[in-house]
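Engineer: Attaching a single structure in structure tokens format; questions to follow.
The values are calculated or read from the model by the stated rules, or taken from the named source; none is laboratory data. These numbers were taken from a predicted model, which means no experiment stands behind them. Positions of Cβ are backbone-derived with ideal geometry, glycine not excepted, and every protein chain shown enters the neighbour counts. These accessible areas exclude ligands, DNA and RNA; they are computed on the full protein's heavy atoms, side chains included. Shrake-Rupley method; radii C 1.70, N 1.55, O 1.52, S 1.80 Å.
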Amino acid sequence: MPYRTPKPPENSLVHIYNRGNNRMTLFRTKTDFQWFIEKINRLNLYDTFGVIAFCLMPNHYHFLLKIKSENSLTKFFHRAQLAYAKYFNRKYGHRGHVFESRFKAKLITDDKHALAVCRYIHLNPIRSALVDKPELWDFSNLKDVFNPETKKIYREFYSHYFNTVREYKDFVNSGMEDRELQSIKSYLFGTTTS
């Protein structure tokens, strides 16, 4: 029987992630990063979900989504990955798989893990030594989250946990201790090596 990602219930939080086949670089240029972000935005015109946090890294991506309806998340990310694979193969003359597998999804079941996942996603560029401050990475939504005039979905989600944008900024910039990092990796990926 083929693999199926179960439909998450309405208003649930889901962590979506994937990486390049054999850990190859997926996003080689600024244009590649921007193409994928724009594709996600175009495909989500019907507001199937709200993006709470995202970060594109050179060889993988992470999204934390709030599901607004039970429309098929599987179909959505299948389309996004297929479109990007065609773009990538055409642009770089690549043949074969671009992504390691179908995207993976983890239902986030409580506030503690929701906050840890947000911080984990937004700190990816720091852990990979791509920037000195997480808000300097152009391919995440952290700058938007820190902007007081930001989208309603950010304000609703983050104000549930923090009184000010500054509090969330301090939370992210406080980093993650090794124990917390290993704990969230185990929760998200079932391992401590992802």
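Engineer: Looking at Asn59, Asn22 in this structure, which one is farther than 16 Å from Pro9 by Cα, within 16 Å of the chain's Cα centre (by Cα) and not hydroxyl-bearing (Ser, Thr, Tyr)? Spell out how you get there, then give the answer.
Structural biologist: On the way: Asn22 fails: within 16 Å of the chain's Cα centre (by Cα).
Answer to the selection: Asn59.
Engineer: Mind checking which pairs have a first residue in the range 176-194 that is loosely packed, with under 14 Cβ neighbours inside 10 Å and a second that is at pLDDT 90 or above, Cβ under 8 Å, 6 or more apart or different chains?
Structural biologist: What qualifies is Glu180/Ala116; Thr191/Lys185; Thr192/Gln182; Thr192/Lys185; Thr192/Ser186; Thr193/Lys185; Ser194/Lys185; Ser194/Leu188.
Engineer: Those residues that are assigned to a helix (DSSP H, G or I) and open to solvent by less than 40 Å² (accessible area, probe 1.4 Å), I need them from the range 164-175; list them, please.
Structural biologist: Kept after step one, since they are assigned to a helix (DSSP H, G or I), are these residues of the range 164-175: 165-173.
Within the range 164-175, Tyr168, Val172 qualify.
Engineer: Just give me the residues in the range 8-37 being open to solvent by 50 Å² or more (accessible area, probe 1.4 Å), closer than 30 Å to Asp110 by Cβ and not acidic (Asp, Glu), in sequence order.
Structural biologist: Pro9, Asn11, Arg19
Engineer: List every residue pair whose Cβ atoms sit under 6 Å apart, with the two residues 6 or more apart in sequence or on different chains, where the first one lies in the range 1-12 and is closer than 15 Å to Arg102 by Cβ and outside any loop (DSSP other than H, G, I, E, B) and the second, anywhere, is at pLDDT 55 or above and open to solvent by 80 Å² or more (accessible area, probe 1.4 Å).
Structural biologist: none
Engineer: Let me ask something additional. Take the residues in the range 103-162 that are under 15 Å from the mean Cα position of the chain (by Cα) and among the aromatic types (Phe, Trp, Tyr); name whichever of them is farthest from Met57 (Cα to Cα).
Structural biologist: Tyr154
Engineer: For Phe88, are the conditions met, namely being among the hydrophobic types (A, V, I, L, M, F, W, C), closer than 25 Å to Asn22 by Cβ and touching an Asp or Glu at 6+ places or on another chain (Cβ under 8 Å)? Step through it out loud before you land on a result.
Structural biologist: Numbers: among the hydrophobic types (A, V, I, L, M, F, W, C): yes; closer than 25 Å to Asn22 by Cβ: yes; touching an Asp or Glu at 6+ places or on another chain (Cβ under 8 Å): yes.
Against the criterion (among the hydrophobic types (A, V, I, L, M, F, W, C), closer than 25 Å to Asn22 by Cβ and touching an Asp or Glu at 6+ places or on another chain (Cβ under 8 Å)), Phe88 qualifies.
Engineer: Hey, among the residues in the range 38-57 that are open to solvent by less than 40 Å² (accessible area, probe 1.4 Å) and at pLDDT 90 or above, which one's farthest from Phe99 (Cα to Cα)? Even if it seems obvious, please write down each step before you answer.
Structural biologist: At the first step, the residues of the range 38-57 found to be open to solvent by less than 40 Å² (accessible area, probe 1.4 Å) are 40, 44, 48-57.
Within this subset, residues satisfying the condition of being at pLDDT 90 or above are 40, 52-57.
Details: Ile40: 16, Ile52: 23, Ala53: 21, Phe54: 18, Cys55: 16, Leu56: 14, Met57: 13 Å.
So the residue we want is Ile52.
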